[in-house]
Amino acid sequence: MPELAEIRFAQDGKDVRCRPGAFLIERSHLPYEFSHREPAALWVLKIPRAVLRGRISRPERLATLRFDARRSVGALFVDTLRLTAARIEAVDESTRAVMGKHLVDLLAMAVEADERALVGRSSSVRNAHLHPADSSSGRAWTTCG
């Protein structure tokens, strides 16, 4: 999630520009290009692929889409990410794990609220219960907003 300036991100032949107030999803295990013209700061949340797939149907179709972080669940996701980052060092490991699950649930709800995301039959919360988080699984997805 860009905080200061617009970023440019390209992957799989798709090129997207993302300004503060938005976020995007990238596939960090595949080649990509990232650039910015002005000094930039951004939030990055890495999510293991299995965890994201447990909450979002076919997340690869969402790569390089820009999502609104100024209102509704997108704003709640971004606000929660900022607050969590500011307090993460003060909590124990089990609390961190729960906070991480909540962040991924908020991300899934923000994505599902976007009409471009063709949601499967299962809800993100139901999928979360069916697929427990495994932070040790190999590849990760990254959200940049």
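In order along region 86-93, phi translates into HN-Hα couplings of 6, 10, 4, 5, 8, 10, 7, 4 Hz, rounded to whole numbers, per the Karplus curve 6.51 cos²θ - 1.76 cosθ + 1.60 with θ = phi - 60° and x for Gly and Pro. Amide H to amide H distances under 5 Å link LEU45 with THR143, where only residues 5 or more positions off or on other chains count and H is placed in the peptide plane. Put simply, the amide H of ALA22, placed in the peptide plane, has neighbours under 5 Å in ALA69, leaving out anything fewer than 5 places away on its chain.
Would you order SER72, SER28 from fewest to most other beta-carbon atoms within 10 Å of each residue's own beta-carbon?
SER72, SER28
If only the Cβ of Lys and Arg carry +1 and only the Cβ of Asp and Glu carry -1, the dipole of region 1-71 around its Cα centre is close to 360 debye.
Where a number appears in this text, it was derived from the coordinates with a stated rule and is not lab data. Keep in mind it's a predicted model, so treat the numbers as computed, not measured. All Cβ positions, glycine included, derive from the backbone under ideal geometry; neighbour counts span all protein chains shown.
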